[in-house]
Amino acid sequence: MVLGLAVALGIWQGVSASPSSMVFRLAENGAWQTLMIDNKPVEMPGGCLHKNCRVTPLALHMVVYQPTVGVKSWWLLKGECSEADYRRVARIIYGLQGLPEQEMFL
């Protein structure tokens, strides 16, 4: 029981290590540019959404490749941004995966 709790806590800490707020620019072709992290401007090279991004009914699993950082992933929950922005990101993910919008969980 203790081992399971320690493993679950370790996984949670790894997941919750993402920044509390991030502003980014995302193009229709999946090009990614981070503009701000925790309300501080950042100078980072651009990247792109990875094909392993996923859309679920309650969250988007974001996977971004940046040449200097590598692959980073996190969950974008439905209430963490506006409904319009959430839908835009979901459409871009589906477009990159070649799936029709009728299969969207939105």
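Each reported figure results from applying straightforward, stated rules to the coordinates on display, with no laboratory input. Note that this is a predicted model, so its numbers are computed, not measured. Counting neighbours? That spans all protein chains shown, and the Cβs are built from the backbone with ideal geometry, glycine included.
Summing charges over neighbours of Val63, with a neighbour being any other residue whose Cβ is under 15 Å away from its Cβ, gives +3 when K and R count +1 and D and E count -1. Counting Lys and Arg as +1 and Asp and Glu as -1 over every other residue whose Cβ lies under 13 Å from the Cβ of Gln33, the net charge comes to 0. Taking every Cα-Cα distance in the range 21-103 and sorting them into 5 Å bins from zero, the calculated P(r) comes out as 3, 14, 26, 28, 19, 7, 2, 0 percent. Between the residues Val69, Ala59, Cys48, the greatest Cα displacement towards the positive end of the dipole of the range 21-103, with unit charges on the Cβ of Lys, Arg, Asp and Glu, is found for Val69.
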